[in-house]
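These notes are about the structure you will find just below.
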Amino acid sequence: MRAESFDKKGVFIEAEVLRKRGDSFWDFSIYDRNGALIPVSVAFNDDGEVAPELPGFKAAQDCASCHRIDRLDLSGDPEAPARVPVRAFFHKLPARVPQIHLGPEYYDHMAFTELTESNAKQKDGVFGVYGSLLLSELAGRKRLASLTDKDKARYNLLRPYYPELLTPLDRIDSLTNSIGMRLVRIPPPARKITIGSHISDPQHQPDEQSHPLYLRQGFFMAMHKQTNAEFRKFRPGHHVAPYRGLKLDGDDQPAVNVSYGDAQAFVDWLNQLPAERAAGRTYRLPTEEEWEYAAQGGDGRRFPWGDQWPPPEGAGNFADEASGAQFKWEYLHGYRDPYLGTSPVGKFFPNPYFLYDMAGNAYEWTSSYYKPYPGAPKGSAAGTKPYGSQWRVLRGSSWADELPRSCAVRSGILSRLKRVCHS
């Protein structure tokens, strides 16, 4: 995929190139009119004129790998190479190009659709891929409530052209409540979507039948797992004993060893806080269907980061090689993360809805009983436990897991963490 920048007189300035590799990652690079590699793109002002005084988009020259852009070519095949016409100019390009870390603000799947469809568009004096990355960054900042005044001015200027990506500025997409919890909006599905796993999935379990999701309303969900510090505001005496010498009680670590009753009591306490009642917010634990949809990021992926296993570096906190050596247990070969035990929340890349730690670190309670999915065939097989209202469904995985646990995996074993949402 390529995008070419021209000045207002039609003179070719530079080319931005996205190339899909065989491992489903993308290389990004910028070339001048002579085909030479350059580290920073040319900047344009709001009138579409070259503006040397403005900072351009920087393409890192020394990153080991870039982040996956799922389904950017809209082919339906995550391994398919991008197929584009190649002009004589592009024969000058080297066989290997640098790679750029796009960062979590570009994980919005709507932004990636816009990135694909906006090639050859010219809006606000910003062209092609660079302009699309700017749009997706603006959309991400809007969702995280971090737009500057200058951002807002540009956002208002661009919104009439991209209403499907840039929502009204007065819509609240994220909020911070009275105890410091950050929550983000999870929109209802824009199209028909299924949850559960397919029989063709190597890890498919009999209790994970693929079925349509009927979710007509959006909701807000905590961006991070609840921390020890947040839980101690409800229960000051809450402390977590070390695990084989590892500290699990840090303020920014997830609150583990929390029973379902404790999790529900925390939610009830939160609902009674005067500031939350005054704001009209009602909290609850998510259903397992809501949790799975949110973990998928809205596009049906197997894992919060995409479809591939093993996970890419930075995907989450799992039983890596260091923990395998420390505890002499099974581990994920070839994977490394910086933590033994639970990690502070928010240290890995988020999914497309800006939710962190949806895989790894610690399991999460849902409000759902462990029963067959609605509409499942009569007598459908259960998983490791028999169906029954004595079990609540756990979702996610933990820092001690080395096996693939997709967004669809259901579990009824004792949980170590919760996540709160509100309607």
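The table that follows gives values for the structure above.
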read-out	value
Where labels lie 7 Å past Cα in the beta-carbon direction, separation of residue 307 and residue 232 in nm	4.5
In Hz, Karplus ³J(HN,Hα) per residue of the range 198-203 (6.51, -1.76, 1.60; θ = phi - 60°; x = Gly, Pro)	7, 4, 6, 5, x, 9
In order through the range 298-303: 3J(HN,Hα) via Karplus (6.51 cos²θ - 1.76 cosθ + 1.60), integer Hz, x for Gly, Pro	x, 10, x, 5, 6, 10
Cα centre as origin, Lys/Arg/Asp/Glu Cβ charges: the range 172-423 dipole, Debye	660
Average accessible surface area per residue within the range 172-423, 1.4 Å rolling probe, Å²	43
Burial order of peptide ranges 286-295, 204-213 (average beta-carbon count within 10 Å, highest first)	286-295, 204-213
Accessible surface of the range 172-423, 1.4 Å probe, proportion on carbon and sulfur as whole %	54
Inter-part distance where the range 180-198 and the range 319-377 are each reduced to a Cα centre, Å	18
Across 192/347; 247/347; 247/328; 58/150; 225/347, pairs whose alpha-carbon gap is larger than 22 Å	192/347
Stretchable slack from residue 34 to residue 376, in nm (0.36 nm times residue separation minus alpha-carbon distance)	117.0 nm
Stretchable slack from residue 51 to residue 330, in nm (0.36 nm times residue separation minus alpha-carbon distance)	94.9 nm
Where only alpha carbons of the range 279-350 are counted, the Rg and the Dmax (Å)	15.4, 50
Residue 330 accessible area, assembled protein chains, probe 1.4 Å, Å²	120
Residue 389-residue 156 FRET efficiency (beta carbon distance; Förster radius 56 Å; 0.05 resolution)	0.65
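The values are calculated or read from the model by the stated rules, or taken from the named source; none is laboratory data. None of these values were measured; they are calculated from a predicted model. Every residue, glycine as well, gets a Cβ built from its backbone with ideal geometry; the counts of neighbours run over all protein chains shown. With ligands, DNA and RNA removed, areas are computed over all heavy atoms of the protein, side chains included. Shrake-Rupley method; radii C 1.70, N 1.55, O 1.52, S 1.80 Å.
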